[in-house]
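The values are calculated or read from the model by the stated rules, or taken from the named source; none is laboratory data. Quick caveat, the model's predicted, so the values are computed rather than measured. Every residue, glycine as well, gets a Cβ built from its backbone with ideal geometry; the counts of neighbours run over all protein chains shown. Heads up: the accessible areas ignore ligands, DNA and RNA and are worked out on the full protein's heavy atoms, side chains in. Shrake-Rupley method; radii C 1.70, N 1.55, O 1.52, S 1.80 Å.
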Amino acid sequence: MVEPVVLLTDVSKSYGTTIVTDVLRALNFRLEVGEFAALIGPSGSGKSTLLNILGLLDRPTSGSVCIAGVETTTLDDAALTGLRGTTLGFVFQFHHLLSGLTAVENVMMPMLAAKGRRTRSMEQRALALLDRVGLRSLARSLPSQMSGGQQQRVAIARALVMGPPLVLADEPTGNLDTKTADGVFALMREFNVEQRVAFLMVTHDPRLAARCDRTIELVDGRIVADRKTTTAP
Amino acid sequence: MPISWFLALRFLREGRAQSALIVLGAAVGVAVMVFLSALIGGLQTSLVAQTLGTQAHIVVRPADELARPMLRATAATDVLARVERTAQRARSIDRWQHVLARLSHMPGVTAVSPVVAGPAIATRANATRAVLLIGAEAARFAAIYPIRRRMVSGGYDPSRTGCVIGRELAADLGVSVGDKLRLSTGGESSEMYTVEGVFDLGNREVNRRWLLVATRSAQSLLDLSGGVTSIELRVASVFEAESIAAAVRSSTGLVADSWMQSNAQLLVALRSQSSSSEVIQVFVILAVAMGIASVLVVSVAQKRREIGILRAMGTRRSTIVSVFLLQGAIVGVVGSLVGAGLGAGLGAVFAGVARNADGTPTFPFAISWALIGRSSLLALATGVLAAALPARSAARLDPAEAIRNG
Ligand SMILES: Nc1ncnc2c1ncn2[C@@H]1O[C@H](COP(=O)(O)OP(=O)(O)O)[C@@H](O)[C@H]1O
Ligand SMILES: [Mg+2]
C-alpha cells in the first residue's frame, strides 16, 4: 500500500497556560497521494492552525503528525526545516512573495534554500514553471508590478518548484474576484492532475469546494464531516 | 552566489534609501576616525621628530660623583652634616671602547656615537660666546642627528682644526665658512679653529650653543686625552627608548637617560591627546553601531512576514542570521571605504589650506593604508556586531506567528 502524504493521529492543539483554549481536538485523518481536498469551516474553527501543524510550522500539543511517511514528532528544528523545504509547498491568501525579488527569483527561493546557493539550472526550471503558469513575460517584474491573480500564480509556481508531494493552501483565492479565483483554482487542479500533487485547500467558497475530490469540515477544532465529492470533475 | 549573500544584497537594494543612509552614517563616522587619527598621528610624529632632531634617543654617561660626609653617625653620636654636591666636571666613561662595543650590539640600537662634550668659550674679534663643545666622529654623530641634511653652508666633517657651528652662533660671532675663531676652555690655552660648516637644526638654542669639532680636538681642549664623556644612541623604535635605556643601565651600571625621561611632559601631553582622540572614536563607533542596529531592527520588523515565508520554504535559521549579519558587514565595509576616501580628502584639503610661510603643511597628515585598513576592519566588526541583535531576533521569529499576523 502507498504511504499517505498526511497521516494525523489524535492531534490536539491548545494555546495558553492559565486560560487554555483548545483549538484542535484529537483530529484523525489521512490524505492520499494525489488527493485534492477542501478544508472548510467557520472562521476560528482552527483551519489555519491545522495547516500550520501540517506545514511543520507549528507543533501539536499532543498526537502524531506523519508527512510523506516521516514521523515528525521527534524531529528537531533543522530537520523540520529540511523536510518542509523538500516535501511541502505553501500558498497563502496574501501570497507572501518577497517584495524585493523578481517573479523568477521568488520562484527560485525554495531551490536556493535547499541547495544553499544560486545556480543557472535553477533559473531555467523557475522560468519553465513561470511559463507553465502563463507568466513568462513577467519573469523580471517585482510583485508590486503584478496583479493579485498574477502574484498568486507566482506563489503557486513557487510552491511547486521543488516538486513536493503536498501543497498546503490557506484561502488561496480568498482575496481574488470570482473569475480570477476560478483561474487560480483551475491551475492548481491542473498541477494536481498532471503531477499527482496532493492539495489541502482552505476555502470559504462552496463552488470551489464542490470541485475538489473531498471536503473536510472543521467546527470548533473537530472534524464534523469528511465526504467524497460526488460531482468531482 | 550563496543564498545569504543573495538575500542580503536584495534586501539592501530593496531598502535603497535606508541602506544609503546607514552607509552614509558609517562613512561619516569612519571619515571622522580617519581624519582625526591621521591628523593626530601626523601631529605627534612631527612633534616627536622635532624633539628628536636635536636630542639623542639615549645618552649614556658616567654616574654623578657623590660627595660623602666624612663623619658617620654611630649609635652614640648624631652627626650634623651638610653635604654639598661636588662641582661636576667633564669625566670620561671608564673603558668606553668596551662599553661602546657592548651597546652597539644591543637589540633595538641602530647607531652609537661616542661624544666628548664640555663647555668652552668662542671668541671672534670682540664677540665672545659660551658654547657647548662637542667632539665626535662625524659619520657616527651624523647617524644620531640629521645634521648633514641640515647644512646651511659648508659640510660636516671637521678637520683637526676645523669646527662646524649653528646658524645663530655664526650670526652672533659674525662668521661664515672659512673664517677663524678662537676656542678656549677656561685655562690660558686657546686654539684657533676654522669654520668649515654652518647648520640649522631648527632649534635656536642648539643653533646658538653647539660647536662641533673632531674627537681629538675636543679631547685636547677639554683635557680628556683618549676619553669620551658620553655615548649617544639611536634606537629603531623611539617609544622603546626608555626600556632600552633601562637595559643599558642594568648591563653597564652607567647612567642612561632616554629622551622619554627628559621629555616626560611632552609624552604626557601626547598620551592625553591620544586618549582623548580614542574616546572620541569610541563614541563615533557607538553612534555608527547604533545607527546600523536601529535600521536593521526596523528592517527585521518590516520583513517579519517575508522571514516567516522564507522559513516555511525551508530556509535555515542560520541562513536568516547570516542574511542580517551580512547586511551589517556590507554596510560597514562600504561605509568605511567611502569614509576613508572622505577622511583622506578632508585631510588633503585641510593640509592644503593650512600651510606655513615656506609652503610646508602646518598639520602634517599621516594617512596610511594601515590606518585605512584598521578603520575598515573596525567598521566591519562594528557592522557585524550591530547586526547581531536584529539577526538573532529575525532567526527566533516563529514562522507560524509571522505568517498568521501578516
Ligand atoms: N497563537 C495563538 N494563541 C492563542 N490563540 C490562538 C493562536 N493562534 C490561533 N489562536 C486561536 O485559535 C483559534 C483558531 O484560529 P485559526 O486556526 O486561525 O482559525 P481559522 O483559520 O479556522 O479561522 C482562534 O480562536 C484563534 O483565536
Ligand atoms: Mg485562517
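Taking every alpha-carbon pair in the range B:96-262 and binning the separations at 10 Å intervals from zero gives 10, 38, 32, 16, 3 percent. For the protein assembly as shown, a Kirkwood radius taken over Cα pairs fed into Stokes-Einstein (20 °C, viscosity 1.002 mPa s) yields D = 66 µm²/s. Taking chain B as a Gaussian network, where each spring joins two C-alpha atoms under 10 Å apart, which residue of B:16, B:216, B:167 fluctuates the most? Result for chain B, Cα springs under 10 Å: B:16 fluctuates most. With the simple spin-label model, which puts each label point 7 Å out from Cα in the Cβ direction, the residue A:121 to residue B:273 separation comes to 6.4 nm. When the Gaussian network model of chain B links Cα atoms closer than 10 Å, the mean-square fluctuations of B:137, B:191, B:168 top out at B:191. A Förster distance of 35 Å, applied to the separation of the beta-carbon atoms of residue A:71 and residue B:393, puts the FRET efficiency at 0.65.
Axis angle, to the nearest 10 degrees, between helix B:317-353 and the longest C-alpha principal axis of chain B: 40 degrees. Seen against the Cα atoms of chain B and their longest principal axis, helix B:3-14 is set at about 90 degrees. Restricting to DSSP loop positions (anything but H, G, I, E, B) with no more than 15 other Cβ atoms inside 10 Å of their own Cβ, which trypsin sites (Lys or Arg not before Pro) remain in the range A:188-233? Taking the range A:188-233 and a limit of 15 other Cβ atoms within 10 Å, the loop trypsin sites (Lys or Arg not before Pro) found are A:196.
Straight-line cross-link reach from residue B:303 at under 16 Å between alpha-carbon atoms covers these aspartates and glutamates, not counting any fewer than eight positions away in the same chain: B:14, B:398, B:401.
The range A:153-183 and the range B:318-351 have their alpha-carbon centroids 42 Å apart. The charge dipole of the range B:96-262, taken about its Cα centre with unit charges on the Cβ of Lys, Arg, Asp and Glu (plus for the first two, minus for the last two), comes to roughly 200 debye.
Summarising the strand pairing of the range B:96-262, around 75 percent of its internal DSSP beta bridges are antiparallel.
Peptide A:105-117 has a mean shielding of 5, counted as Cβ atoms of other protein chains within 10 Å of each residue's Cβ. DSSP bridge analysis restricted to chain A gives an antiparallel fraction near 55%, rounded to the nearest 5.
For the range B:124-160, applying the loop criterion from DSSP together with a ceiling of 15 other beta carbons within 10 Å to the trypsin sites (Lys or Arg not before Pro) yields B:160. Under the simplified labelling scheme, the residue A:182-residue B:179 pair shows an inter-label distance of 11.6 nm, with each label point 7 Å from Cα along Cα→Cβ. Against the criterion of solvent-accessible heavy-atom surface with a 1.4 angstrom probe, B:196, B:232, A:3 sort, most first, into A:3, B:196, B:232. Summarising the strand pairing of the protein assembly as shown, around 70 percent of its internal DSSP beta bridges are antiparallel.
Accessible surface ranking for B:4, B:159, 1.4 angstrom probe, highest first: B:159, B:4. The accessible area of residue A:77, taken with all protein chains in place and a 1.4 Å probe, comes to roughly 50 Å².
Legend: mean number of C-beta atoms from other chains within 10 angstrom of residue C-beta atoms, peptide B:13-19, equals 1. Placing B:45, B:229, A:9 in order of accessible area, with the largest value first and a 1.4 Å probe, yields B:45, A:9, B:229. Computed over chain B with a Gaussian network model linking Cα atoms closer than 10 Å, the most mobile of B:347, B:383, B:154 is B:154. The distance between label points at residue B:223 and residue B:194 comes to 2.9 nm (points 7 Å beyond Cα on the Cα→Cβ vector). Give the shape of the range B:1-44 as rounded, prolate or oblate, defined through the alpha-carbon gyration tensor: a ≥ b ≥ c are the square roots of its eigenvalues, a/c under 1.5 means rounded, and otherwise the shape is prolate if a/b is larger than b/c and oblate if not. Note, shape of the range B:1-44 comes out oblate.
Annotation: lysines with alpha-carbon distance below 23 angstrom to residue A:228 (same-chain offsets under eight excluded): A:47. Helix A:120-132 sits at what angle to the longest principal axis of chain A, using alpha carbons and giving 0 to 90 degrees rounded to 10? In chain A, helix A:120-132 runs at an angle near 80 degrees to the longest axis.
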